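Reading through the structure tokens given below for one structure.
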Amino acid sequence: MNEHYSINSLMSTSVVMKDINQTNQQILYYARNFLQCRGYNGFSYKDISQKLGIKNAAIHNYYPKKEDLVAALLEDSRKNLAANIAQIVESGGSARDQLEYYFDYALKEFDEGKSICPPGSVILDFEELPEKVKKQNLLLLDDILTWISRVLKIGLEQGEFNFSGSVEERAELVVEALMGARQLSSIKGRKTLVRSIFLIKSDLGWKD
């Protein structure tokens with residue numbers, strides 16, 4: 001009897017945890033969409049709760065303040081980036097393969113209506129942001145720049161790219177150009193983003 005009760009309790013707890021995790025993922029999903037389409041000050045918990053059909057208080061249970069939510073989003077972006085890079089490297093992906101992932105991801109997000117990249121989504125309001133959001137945004141940018149610099153260095157050594165100057169400076173140019181192109185493409189259309197990616201590749205000496 002006690003064993004049966006224990007099994008039922010574990011099953012019940014598992015279902016509850018699954019529901020909690022699913023709700024949390026839904027909150028993060030809609031928050032990410034709003035953040036990348038409207039910026040930090042362009043959405044509220046009400047926008048998310050209306051999408052999910054829940055009360056604002058339910059979101060506050062997960063993230064007491066908006067800064068907690070956005071900081072969690074940016075940290076999640078860092079984890080996803082690291083996991084995806086590791087997968088590409090493990091599969092034997094070249095420097096070009098890694099950069100292609102970066103460009104394809106930008107195009108995919110544009111097609112989903114997200115015209116601003118995660119780190120770029122908070123730049124407009126950066127000076128007014130809570131410190132924990134600033135910290136996660138800077139960490140995400142550092143992760144991206146470190147990764148791109150490493151990819152460019154490998155690409156140069158293996159003859160996949162051909163450019164002069166330091167890889168760190170070129171990495172900054174790549175990130176800046178793509179970040180700006182994503183915002184401009186929200187006004188001028190997808191072809192602007194496609195053309196910018198082509199020009200970035202040309203600047204790196206990327207010849208197919």
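Can you find, within the range 122-132, the residue that is least open to solvent (accessible area, probe 1.4 Å) among those that are assigned to a helix (DSSP H, G or I) and either in contact with a Gly (Cβ under 8 Å, 6 or more places away or on another chain) or closer than 17 Å to residue 37 by Cα (or both)?
Checking each candidate, the answer is 122.
Going through 59, 27, 88 one at a time, which residue ends up being part of a helix (DSSP H, G or I), open to solvent by less than 40 Å² (accessible area, probe 1.4 Å) and modelled with pLDDT under 90?
Sole residue among the options that is part of a helix (DSSP H, G or I), open to solvent by less than 40 Å² (accessible area, probe 1.4 Å) and modelled with pLDDT under 90: 88.
Quick check on this structure: which one of 207, 135, 114 is in a loop (DSSP other than H, G, I, E, B) and under 23 Å from residue 39 (Cα atoms)? If you could, list the steps in order and put the result at the bottom.
Working: 207 fails: under 23 Å from residue 39 (Cα atoms); 135 fails: in a loop (DSSP other than H, G, I, E, B).
Exactly one residue qualifies, and that residue is 114.
Tell me which residues, restricted to the range 148-181, are part of a helix (DSSP H, G or I), of a type in the set (Gly, Ala, Ser) and open to solvent by 30 Å² or more (accessible area, probe 1.4 Å).
So the first thing to find is which residues in the range 148-181 are part of a helix (DSSP H, G or I), and the list is 148-157, 167-181.
If we keep only those that are of a type in the set (Gly, Ala, Ser) too, we end up with 149, 155, 171, 177, 180-181.
The answer is 177, 180.
Restricting to the range 40-74, count the residues that are over 12 Å from residue 27 (Cα atoms) and of a type in the set (Phe, Trp, Tyr).
Of the residues in the range 40-74, 2 are over 12 Å from residue 27 (Cα atoms) and of a type in the set (Phe, Trp, Tyr).
For the range 137-147, which positions are buried (at least 17 other Cβ atoms within 10 Å of the Cβ) and touching a residue at least 60 places away in the same chain (Cβ under 8 Å)?
The answer is 137, 140, 143, 144, 147.
All but one of (1) open to solvent by 20 Å² or more (accessible area, probe 1.4 Å); (2) closer than 13 Å to residue 32 by Cβ; (3) under 13 Å from the mean Cα position of the chain (by Cα) hold for residue 119; state the number of the condition that does not hold.
(1)
The values are calculated or read from the model by the stated rules, or taken from the named source; none is laboratory data. These numbers were taken from a predicted model, which means no experiment stands behind them. A quick note on method: Cβ atoms are made from the backbone with ideal geometry, for glycine too, and the neighbour counts reach across all protein chains shown. These area figures cover heavy atoms from the full protein model, side chains too; ligands, DNA and RNA do not enter into them. Shrake-Rupley method; radii C 1.70, N 1.55, O 1.52, S 1.80 Å.
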